[in-house]
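Step one of this worksheet: look at the structure below.
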Amino acid sequence: MSVAITVLLSFAPVLLSFFVLILFLPLHIELSVLKDPNWRIRATCRPLMGYGPLINLKSARPKTQDELPEVRKKPKPTLAKLERMAKAGAIFYIDVLNRVTFRHIELSAQFDMGDASETGQTFGQLAPLVYGCSAVPAGSIDIKPLFINRPFLSGHAEIGLSVVPASLVTPAIRFGWRIFGPKS
């Protein structure tokens, strides 16, 4: 028994240092979305500055009606609580975006809204994104309107980002405090 405890205690510093490395080194995340004619989404991450193993992030399969747990009725949140959650969520979103580094962004899409005027208006609203992001060195955005007079969407988007997991702790604590902390 004492041998087992000695072995476990001898590996504790190694496990602790590995945990610290994972927590404080950047995590590289890749997200790829393809629409042609069906949606295909692929998400992967690589810990340890991208040198760790490739981990595929898959969503769970949809549950059948028999597998779903019984849902109990929750009280509806008040308007003040919803307002507080929305404000805290917006601040949390900005805090997280400040800690994320975008490594590359690629977007290519063709679309039609079904009406030529709506297609032109939508493309006009997307023009700042298309032409304003051309200065991004690690990205390319190519959006083309198709005037075929029927709803259509095709294309792919790929984004690579890097985040240090430990840097997300303070925004998460602030978010929790803003929602569950004392009301001001």
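The values are calculated or read from the model by the stated rules, or taken from the named source; none is laboratory data. In this text the structure is predicted, and so the values were computed from the model without any measurement. Glycine also receives a Cβ, built like all others from the backbone with ideal geometry; neighbour counts cover every protein chain displayed.
Key figures
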read-out: Total residues in the stretch 23-38, condition outside any strand (DSSP E or B), surrounded by 14 or more Cβ atoms within 10 Å (Cβ to Cβ) and modelled with pLDDT under 90; value: 1
read-out: Only one of ALA127, ALA109, ALA166, ALA157 that is small (Gly, Ala, Ser), in contact with a Leu (Cβ under 6 Å, 6 or more places away or on another chain), over 30 Å from VAL20 (Cα atoms) and not in a loop (DSSP other than H, G, I, E, B); value: ALA157
read-out: All positions within the stretch 30-46 that are of a type outside the set (Lys, Arg), within 24 Å of ILE143 (Cα to Cα) and touching a strand residue (DSSP E or B) at 6+ places or on another chain (Cβ under 8 Å); value: GLU30, LEU31, SER32, VAL33, LEU34, ASP36, PRO37, TRP39, ILE41, ALA43
read-out: Of all residues in the stretch 130-144 being outside any helix (DSSP H, G or I) and among the aliphatic types (A, V, I, L, M), the one that is modelled with the highest pLDDT; value: ILE143
read-out: Sole exception among (1) within 16 Å of the chain's Cα centre (by Cα); (2) assigned to a strand (DSSP E or B); (3) small (Gly, Ala, Ser) for ALA172, by number; value: (2)
read-out: From ARG103, ARG42, residue being assigned to a strand (DSSP E or B), within 20 Å of SER162 (Cβ to Cβ), among the charged types (D, E, K, R) and at pLDDT below 90; value: ARG103
read-out: Hits in the stretch 135-169 - residues which are of a type in the set (S, T, N, Q) and touching a residue at least 60 places away in the same chain (Cβ under 8 Å); value: SER154, SER162, SER167
read-out: Criterion (within 22 Å of the chain's Cα centre (by Cα), within 23 Å of THR44 (Cα to Cα) and surrounded by 14 or more Cβ atoms within 10 Å (Cβ to Cβ)) met by exactly one of ILE141, ILE179; value: ILE141
